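Structure record follows, encoded as structure tokens.
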Amino acid sequence: MSVEDSGAGRDTENISEQQRMRREKLRQWREAGKEPFGGRVEGAISSAEAISRFERGEEAGQAENPNVSEHENSEGASITLCGRLTAMRVMGKSIFADLRDQSGRIQVYAKKNSLGEENFSWFKFLDLGDIVSLRGELFRTRAGEATLKVESFELLSKSLRPLPEKWHGLTDVEQRYRQRYVDLMVNEQARRVFRQRSEVVREIRRFLSERDFMEVETPMLQSIPGGAAARPFETFYNALNSPMYLRIAPELYLKRLLAGGFERVFEINRNFRNEGLDRRHNPEFTMVEIYQAYSDCRGMMELLEQLIAHTTENVFGQRQFPALDGDEKIDLTPPWRRVTYRQLLKERMGEDWFDLNKDDMRARAQAEGLKVDQSLSNMEITHEVYEKLIERTLIQPTFVTRLPSWLVPLAKHCPGNPEEVDVFELEIGGQEIAPGYSELNDPLEQRSRFEEQARRAAGTTEETS
């Protein structure tokens, strides 16, 4: 019976030779009465747990053959492992293979004398990428590696496509992002990042919970998007016959919880912004947003400094990391530098920067390599300089404080200076990691700021020169 006739697959005109061979194997598994897509496995443990048990309780044993030196499992009993085969080395009447599961990799050893001739032949018939369950006892090879001696096995999922090439994996960046699951199969570094991200989120929750912050969830569908200046994704709520928007930030709903009497709240939230994407921006992203009553900008800086230092120490066991660009080491050990926005501009552009008129500002910015549109005001030119020339140089953790009031309409003015607000932006590795500020709690002033922001957005404000 041909592969096409067997029902193992349809539309086989455009598949590779390797795929044809795997479908032929699938047919043979089924013809032999062996189910190639198994189900539930009872009593399986992870490879990491198996190795840990073995290391804790192994007892010396005798070498069974010149290639293998065996030690009994700590409990002297068989264990069951499940995972994906990622390497196989056939050595006559024995086979060494790598089994990978979520916790890591373990070596397995199958031999003809233990499995029997027929089962050993079927084991050799497996392909890289196949998902299997294996039962057996652990021993240590002469090379010192904890290894599972296979007593029996079951094919749980036949892989009909070959894995990417072992040493190079997926090299195309776009393909890696579009096919994350394939990249994860072959890229240990990618798997490590996913695990570390989970540990970071868990540690953030623990840190905040221990300080009496309550985790909450706020609406992702909103009738009016707010809390940030960004373009929302639009949808339509049929039951209410009303347009709705995916949230661009959870800020306004979290503040309502403060108004309702909860004094410390946080949310690990998904946000959506209908804008471009690059290595630092994604239209769907996760953010941690934290609010505490009876505090201010400095209180939030202290909290954030402690949170990041604590989390990196507990997850990574260190506070120094290489910068993404260049050879500089980022040191997250507190205390971190605090410097005003105004001071950074003077350091970069000259002490007289804020005394210049618009034409001189534009000329000096252009001399530094910036393209400055004629329509930009003094404050807009200044912020272009900050974002394009200064921000990327702030590699070590830096709190940039006292930002221009027009940038953050929800923050309190700095005492004695209505042109600046009590705000910080935390910069690490040349990019903004977190903003924070002392909340404006004067409702009349807040309304006035919103109206001014709306006029600016409509282009009806007078330009300063």
Next on the checklist: Can you work out the Karplus-derived ³J(HN,Hα) for every residue in the range 117-124? Use 6.51 cos²θ - 1.76 cosθ + 1.60 with θ = phi - 60°, whole Hz, and x for glycine or proline.
Outcome noted: 4, 5, 5, 5, 5, 5, 4, 5
Item to check | Rounded FRET efficiency, nearest 0.05, which uses the C-beta distance separating TYR294 from SER209 and R0 of 22 Å | outcome: 0.70
Checklist entry - Based on Cβ point charges of +1 for Lys and Arg and -1 for Asp and Glu, what charge dipole magnitude is obtained for the range 324-430 about its Cα centre, in debye rounded to the nearest 20? => result 160 debye
Checklist entry - Given PRO243, PHE233, TYR253, which one lies farthest toward the positive end of the charge dipole of the range 187-270, if we put +1 on the Cβ of every Lys and Arg and -1 on the Cβ of every Asp and Glu? => result PHE233
Item to check | Accessible area in square angstrom per residue, the range 235-298, 1.4 angstrom probe | outcome: 60 Å²
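Tell me the net charge near ARG195. Cut-off is 15 Å between Cβ atoms, ARG195 excluded, with +1 for each Lys or Arg and -1 for each Asp or Glu. Mind showing how you got there, number by number?
On the way: positive: ARG100, ARG105, ARG180, ARG191, ARG192, ARG197, ARG202; negative: ASP101, ASP183, GLU188, GLU199, GLU203.
Residues near ARG195 contribute +2 overall.
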Item to check | the range 95-173: chymotrypsin sites (Phe, Trp or Tyr not before Pro) in DSSP loop, at most 14 other beta carbons within 10 Å | outcome: PHE125, TRP167
Checklist entry - Which listed residue (LEU324, PRO443, PRO36) has the Cα farthest towards the positive end of the charge dipole for the chain, taking +1 on Lys and Arg C-beta and -1 on Asp and Glu C-beta about the Cα centre? => result PRO36
Checklist entry - If you stretched the chain out fully between PHE285 and ASP373, how much longer would it get, using 0.36 nm times the residue separation minus the C-alpha to C-alpha distance? => result 28.6 nm
Checklist entry - Between GLU347 and LYS93, how many nm apart are label points set 7 Å from Cα along the C-beta direction? => result 7.3 nm
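Hey, which of these cross-link pairs are over 26 Å Cα-Cα: LYS34/LYS111; LYS255/LYS388; LYS329/LYS358; LYS255/LYS346; LYS329/LYS388; LYS25/LYS111?
LYS255/LYS388; LYS329/LYS358; LYS255/LYS346
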Checklist entry - Going 7 Å from the Cα of ALA48 in the Cα-to-Cβ direction, what parts of the range 94-120 have a backbone nitrogen less than 12 Å from that spot? => result 101-105
Checklist entry - How would you classify the range 369-434 from its alpha-carbon gyration tensor, with a ≥ b ≥ c the square roots of the eigenvalues: rounded for a/c under 1.5, else prolate if a/b is greater than b/c, otherwise oblate? => result oblate
Item to check | Net charge over other residues, Cβ less than 10 angstrom from the Cβ of LYS388 (K, R count +1; D, E count -1) | outcome: -2
Checklist outcome for this item: For the range 300-367, the per residue accessible area (1.4 Å probe, Å²) is 57 Å²
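Within a Cβ distance under 11 Å of LEU403, other residues only, what is the Lys/Arg minus Asp/Glu net charge?
-2
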Checklist entry - At 222 nm, what helix-only mean residue ellipticity would the chain give, in deg cm²/dmol to the nearest 500, using -39500 (n - 2.57) for each DSSP H run of four or more? => result -9500 deg cm²/dmol
Checklist entry - Where a Cα-Cα gap under 18 Å defines reach, which lysines qualify for LYS112, not counting those fewer than 8 residues away within the same chain? => result LYS93, LYS124, LYS149
Checklist entry - Counting other Cβ atoms within 10 Å, which GluC sites (Glu not before Pro) in the range 176-266 have at most 11 and lie in a DSSP loop? => result GLU210, GLU217
Checklist outcome for this item: With DSSP loop assignment and no more than 14 other C-beta atoms within 10 Å, the trypsin sites (Lys or Arg not before Pro) in the range 272-376 are ARG279, ARG280, LYS371
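Grab the alpha carbons of the range 75-126, take their convex hull, and tell me the volume per residue in Å³.
Given the Cα convex hull of the range 75-126, per-residue volume reads 93 Å³.
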Next on the checklist: Can you give me the convex hull volume of the Cα atoms of the chain, divided per residue and expressed in Å³?
Outcome noted: 244 Å³
Checklist outcome for this item: Shape call for the range 168-303, from the Cα gyration tensor axes a ≥ b ≥ c (a/c under 1.5 means rounded, otherwise prolate when a/b beats b/c, else oblate), comes out oblate
Checklist entry - Is the range 82-161 rounded, prolate or oblate when judged by the Cα gyration tensor, a ≥ b ≥ c being the square roots of its eigenvalues, rounded requiring a/c under 1.5 and prolate requiring a/b larger than b/c? => result oblate
Next on the checklist: Could you tell me the center-to-center distance, by alpha carbons, between the range 346-371 and the range 415-439 in angstrom?
Outcome noted: 22 Å
Checklist entry - Given the C-alpha centroids of the range 248-300 and the range 89-154, what is the distance between them in whole angstrom? => result 49 Å
Next on the checklist: So for the chain, averaging the separation of alpha carbon pairs under 8 Å that are six or more residues apart and normalising by length, what relative contact order in percent results?
Outcome noted: 8 percent
Checklist entry - How many percent of the accessible area of the chain is carbon or sulfur, using a 1.4 Å probe? => result 47 percent
Checklist outcome for this item: Two pseudo-spin positions, 7 Å from Cα along C-beta at MET21 and at VAL182, lie apart in nanometres by 1.9 nm
Checklist entry - In terms of modelled amide H atoms, which long-range or inter-chain residues lie less than 5 Å from the amide H of ASN187? => result none
Next on the checklist: With both bridge residues required to lie in the chain, what share of the DSSP beta bridges run antiparallel, to the nearest 5%?
Outcome noted: 85 percent
Checklist entry - What Rg and what Dmax come out for the range 291-350 when only alpha-carbon atoms are used, in angstroms? => result 14.9, 42
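The values are calculated or read from the model by the stated rules, or taken from the named source; none is laboratory data. All of these numbers come straight from a predicted model, not from anything done at the bench. Cβ sites come from the backbone with ideal geometry, for glycine too, and all protein chains shown count toward neighbours. For the accessible areas, the whole protein counts, side chains as well, though only heavy atoms, and no ligand, DNA or RNA atoms are used. Shrake-Rupley method; radii C 1.70, N 1.55, O 1.52, S 1.80 Å.
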